[in-house]
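*Asks:* Sending over a structure as structure tokens; questions will come in a sec.
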Ligand code: AMP
């Protein structure tokens, strides 16, 4: 039974006067397994009084969410909600305050947190790495005293307080006593983090500055799928997609900015007829859809019953990393931005590595860029189902074609693709990042590259590339795959690239 069916059953068993008759709320499908969102008038709030609710069922919206379907509920950050059905990644809730007060509908589960829990605090950023905390605190809208509390990367379970102090971010460990009380300075401890924050909001005893406003949240997280009913049924009706503007043309077809269900911006990849076998694609897409990570482009849905096949993904404002590097935006990037972008890609790839999934075509053209230089890996796994054909492709043997300059020798010569051949490609991607999108081996043909690599040749250090970064590239291009690093190692090496600024950790209790 899927979420919708469960919900309908719940409404039916709950009371006779519920807002929806089953014919209104049930999804209409003209073809098996296609979800068609019926366009009806927004449903009236129910008259049914709520039973007495335990506090644990009261939630607060952490971000604004605008309804995408008639079954959704629009909420603003801070609105209070009662969770009526918490199954899956979209919860059925009733708003008890705010813009949708007394209305019911679905909201993304990752947009809400239990009231009174630490997750509902505007200053609690649980899954935020130190580097991301710095980036957020230094971004527009935050002033001295802006702060957040996050989980400490180095010691699981420990928390860190990050504070903006005159353009610099300072980090403090939030330590715990055996009796559970917490402190930043041993001189004074607190029962809860909330008390600690309240105390340091009134005076800065021991801290660099008094805590002021919580750090601004850069953007809401991705929802899981487009809506509650595309999570399980992701073959969607073609008519629910409007193609608005062509974003680009790849080797397999055109990419458009689109609008789903008249509400939700998406990217639509239209695949040229004959570029792949639909069954092969669907098999791969089943796996791709399960791969979820903030640094991977999320596959939302497909229209695969007719050609051209549509692949619906999240939309990234700044397009491909390759174009971003080569055009004006690239000129605005400084070295630390480049390293940070590389670290993000390594993080996405470390997740694929953990999932035993191979990308097979990692390159700057297959990384997409959003706001604030956010990078996400795209097109993972597609190379396996595409019939490749472009100028960067070399046909080593009949039927096997590779983007040669990005492909590891063992993959070209023996069709041996692994996460270690992805590591090789990552080394080339580092070269692309540092050279602002130059073609690798600029003076060589694909054939020459293959010949030279077999003699031990490797690309020289690009101009203005520090040795530390070039050595990382060389590690990725080790002849023997087992000698190449893991993405996990690459991720922390890149994330910690600038961690040596010891001057900023002079005070007691600041994290070294
Ligand atoms: P591709 O077919 O993946 O090579 O895409 C062709 C071009 O379309 C890319 O170079 C990007 O500029 C653009 N593009 C592809 N996917 C997206 C997306 N999800 N969001 C924004 N732009 C995209």
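Read-outs throughout are calculated quantities, based only on the coordinates presented, and are distinct from any laboratory measurement. These numbers were taken from a predicted model, which means no experiment stands behind them. Cβ sites come from the backbone with ideal geometry, for glycine too, and all protein chains shown count toward neighbours.
*Asks:* Rounded to the nearest whole Å³, what is the per residue volume of the convex hull around the Cα atoms of the range 445-485?
*Replies:* Residue-normalised Cα hull volume stands at 73 Å³.
*Asks:* Mind pulling up the Rg/Rh value for the range 237-301? Radius of gyration and Kirkwood radius, both on Cα.
*Replies:* Rg/Rh: 0.97.
*Asks:* A further question follows. Which order do 432, 134 fall in if you start with the one that has the fewest other Cβ atoms within 10 Å?
*Replies:* 134, 432
*Asks:* Next up: Under the Kirkwood approximation applied to all pairs of distinct alpha-carbon atoms, what is the hydrodynamic radius of the range 241-352 in Å?
*Replies:* The answer is 15.6 Å.
*Asks:* Still on this structure, I have one more. By count of other Cβ within 10 Å, fewest leading, how are 276, 349 ordered?
*Replies:* Ranked by crowding around the Cβ, least crowded first: 276, 349.
*Asks:* What Kirkwood hydrodynamic radius do you get for the range 135-242 when you take the inverse of the mean 1/r over all pairs of distinct Cα atoms, in Å?
*Replies:* 16.4
*Asks:* Something else about it: Between the range 451-469 and the range 235-263, what's the alpha-carbon centroid distance in Å?
*Replies:* Taking the Cα centre of each part, the range 451-469 and the range 235-263 sit 40 Å apart.
*Asks:* Using Cβ counts within 10 Å as a stand-in for footprinting exposure, how do 282, 368 rank, fewest first?
*Replies:* Values: 282 15, 368 24.
The most exposed by this proxy come first: 282, 368.
*Asks:* When you take every Cα atom in the range 203-274, what is the radius of gyration, and what is Dmax, the widest Cα pair distance, in Å?
*Replies:* In order Rg, Dmax, the Cα atoms of the range 203-274 give 20.7, 68 Å.
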